[in-house]
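Please read the structure below before turning to the comments.
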Amino acid sequence: MAKVAFLGLGVMGYPMAGHLARKGHQVTVYNRSPGKAEQWMGEYAGSSAPTPREAVAGAELVMCCVGNDDDLRSVILGEQGAFAGMAPGAILVDHTTASAGVARELAAVAAERGLGFLDAPVSGGQAGAVNGVLTVMVGGEAETYAVAEPVIQSYARMMRLMGPAGSGQLSKMVNQICIAGLVQGLAEALNFAQCAGLDGHAVVDVISKGAAQSWQMENRYKTMLAGEFDFGFAVDWMRKDLSILLEESRRNGAQLPVTALVDQFYADVQAMGGGRWDTSSLLARLQRNR
């Protein structure tokens, strides 16, 4: 069992840190709003600290899951940041979905300090975090990955080292590109079925047994047909991720016409007041003028 710190107790970090505690690891948590840390300690065995620097004292592994590049820098760098309190040889595993650039930046700073660093964004959403079945895409050194892997498995069903620093974030971008196109296609299909007077449930029951089947179809079509969009990943967060990957595509020359279009569709959903709706709310956009 390892001594672990977990920084960031949002919808993903809260249950992830909980899985670490349930596996018997010695866990210290930090959250920007202390009330969340107190709530976590009421549910799991562990302790909390008022700053990232204090939370990571003596930790062999430090996990982090916050909002974006700036949030990441604020908890890792600076006088009260994680790097300032980590002992040489300790490893920071960043589960934030952020840019590949910030991953490389933090990996370089870690190396200067004699620390390990892995960029390890996750896929599987809140349900995957709660059930401990996340997919983890990792960038970093093989030796560092080998040390961290057994601990990350506390909340992962699938994990893989994808390459050097930044490769985890780039792989997560591929994931989000796939999801954006799939959800838009599913939204258009269900909207078409409704406009055609078909029973959407019956249609999906048939086509989900063939080539059209997808995770999005199996897990979201019922709530989409019911007009319920309070499940899974929020539109605001998806737009954050799409902004990161579209910027990366401008650097590497990848053409992403469908993804760019879906990003604008999500902007429409935000304008409808749906920023906190889940990503399947693309259907609501199609239905608004019916």
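Rule-based calculations on the coordinates, nothing more; no lab input. On a predicted model such as this, the values are computed, not experimentally measured, just so you know. Please note: Cβ atoms are built from the backbone with ideal geometry, for glycine as well, and neighbour counts cover all protein chains shown.
Observations
- Compared with the alpha-carbon gap, the fully stretched path from Glu247 to Gln80 is longer by 57.1 nm at 0.36 nm per residue.
- For the chain, the relative contact order works out to 13 percent when only alpha carbon pairs closer than 8 Å and six or more residues apart are counted.
- Cα-projected label distance for Asp199 with Ala211, points at 7 Å along beta-carbon direction, nm: 2.7
- Within straight-line reach of Lys222, meaning a Cα separation under 22 Å, sit the following lysines at least 8 residues removed in sequence or on another chain: Lys209.
- Fully extending the segment from Met158 to Glu228, taken as 0.36 nm per residue of separation minus the present Cα-Cα distance, adds 22.3 nm.
- Length added when fully stretched, Gln39-Arg22, from 0.36 nm per residue minus Cα-Cα: 4.5 nm
- In nm, spacing of pseudo-spin labels at Glu112 and Gln255 (7 Å Cα→C-beta vector): 4.1
- Estimated FRET transfer efficiency when R0 is 22 angstrom, pair Glu218-Gln270 (beta carbons, to 0.05): 0.25
- Normalising the average separation of contacting C-alpha pairs (under 8 angstrom, six or more residues apart) by the number of residues puts the relative contact order of the range 1-162 at 20 percent.
- Share, in percent, of DSSP beta bridges within the range 1-162 that are antiparallel, nearest 5: 10
- Beta bridges per DSSP, both residues in the chain: antiparallel share near 15 percent.
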